[in-house]
1. Angle between the Cα long axis of helix 6-15 and the longest principal axis of the chain, 0 to 90 degrees, nearest 10?
2. At most 10 other C-beta atoms within 10 Å and a DSSP loop state: those are the exposed trypsin sites (Lys or Arg not before Pro) I care about. Give me the longest piece of the chain that has none.
3. Taking 8 Å as the Cα distance limit and 6 or more residues as the minimum spacing, I'd like the relative contact order of the chain as a percentage.
4. Taking region 2-110 on its own, what percent of its Cα-Cα pair distances exceed 21 Å?
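Nothing in this text is a laboratory measurement; each read-out follows from the coordinates by a stated rule. All values derive from a computational prediction rather than experimental measurement. Quick reminder, even Gly has a Cβ in these numbers, built from the backbone with ideal geometry, and neighbours come from all protein chains shown.
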Amino acid sequence: MKTITKQDVQAYLDHFLNKEVYIHLETTTGSYSAHKDEKNMTVVAFIRNTKVTYHQAKITGNGPYRIGLKLEEGWIYAEGLTDWVYNDDGQLLTAGHNSEGQLAIALQISEKPFKN
């Protein structure tokens, strides 16, 4: 992965506009720190291979970044993104890593289901 460049990521977000795509959205803010301090609460959200069609997409911020995807009746929103890649499978993979390089958030978009 490489550091996010807003205009490059925006171009790939626009590539998927008005197409039925699969979304992977994952956050994990506590699983890395809970073993260091039992008082830390583990917070996790995980969605994989959910089909959506978005009609608007925007990446904002100055780093870490936010991506919002406007659906017919709502939004998908991911904040804290730092890195990205468009891979050989035609998938846009974005992620946010903490100061220790550990994954904190991932938002991925693909026209084909993600492999389990």
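1. For 6-15 against the chain, the angle is about 50 degrees.
2. Counting only loop sites that pass the neighbour cut-off, the longest clear stretch is 40-114.
3. On the way: 250 pairs, mean separation 32.8, N = 116.
Computed value for the chain: 28 percent relative contact order.
4. For region 2-110, the share of Cα pairs beyond 21 Å comes to 35 percent.
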